[in-house]
1. In the set Ala35, Ala59, which member is open to solvent by less than 90 Å² (accessible area, probe 1.4 Å) and over 11 Å from the mean Cα position of the chain (by Cα)?
2. Being among the aliphatic types (A, V, I, L, M), open to solvent by less than 80 Å² (accessible area, probe 1.4 Å) and within 24 Å of Pro4 (Cα to Cα) is the requirement here; does Val41 meet it?
3. Give all pairs with beta carbons closer than 9 Å in which a residue from region 27-38 that is in contact (Cβ under 8 Å) with a residue 12 or more places away in the chain meets a residue that is outside any strand (DSSP E or B); count only pairs at least 6 apart in sequence or on separate chains.
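The values are calculated or read from the model by the stated rules, or taken from the named source; none is laboratory data. Remember, predicted model here, so these are calculated numbers, not experimental data. Quick reminder, even Gly has a Cβ in these numbers, built from the backbone with ideal geometry, and neighbours come from all protein chains shown. Areas reflect the complete protein model, heavy atoms only, side chains present, ligands, DNA and RNA absent. Shrake-Rupley method; radii C 1.70, N 1.55, O 1.52, S 1.80 Å.
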Amino acid sequence: MPRPARRLQRVKQRRCRVGKNGAIEVRIESVNGSASGPETVEVSFDPAYTSDDYRDRFAKKQVCRRIGGQSLIVSERMP
């Protein structure tokens, strides 16, 4: 299955399972960040989701930029 299709399938599955009533735990693990410019930071981390019948952990990367005095996510991807 092509990579984008796998990602979309996983996102749909996660929304279905995590969207149920009940407790959910979200942990952010393995956080690393580095400045890639005077107003830009690249951050990588592993979000881990746990609910009664679902567990998932994967890598995620975000690029954040200072715009108008706020730090905003300008891109996000799951490598």
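1. On the way: Ala59 fails: over 11 Å from the mean Cα position of the chain (by Cα).
From the options Ala35, Ala59, the qualifying one is Ala35.
2. On the way: among the aliphatic types (A, V, I, L, M): yes; open to solvent by less than 80 Å² (accessible area, probe 1.4 Å): yes; within 24 Å of Pro4 (Cα to Cα): no.
Against the criterion (among the aliphatic types (A, V, I, L, M), open to solvent by less than 80 Å² (accessible area, probe 1.4 Å) and within 24 Å of Pro4 (Cα to Cα)), Val41 does not qualify.
3. Listed pairs, sorted by first residue: Ser30/Ala59.
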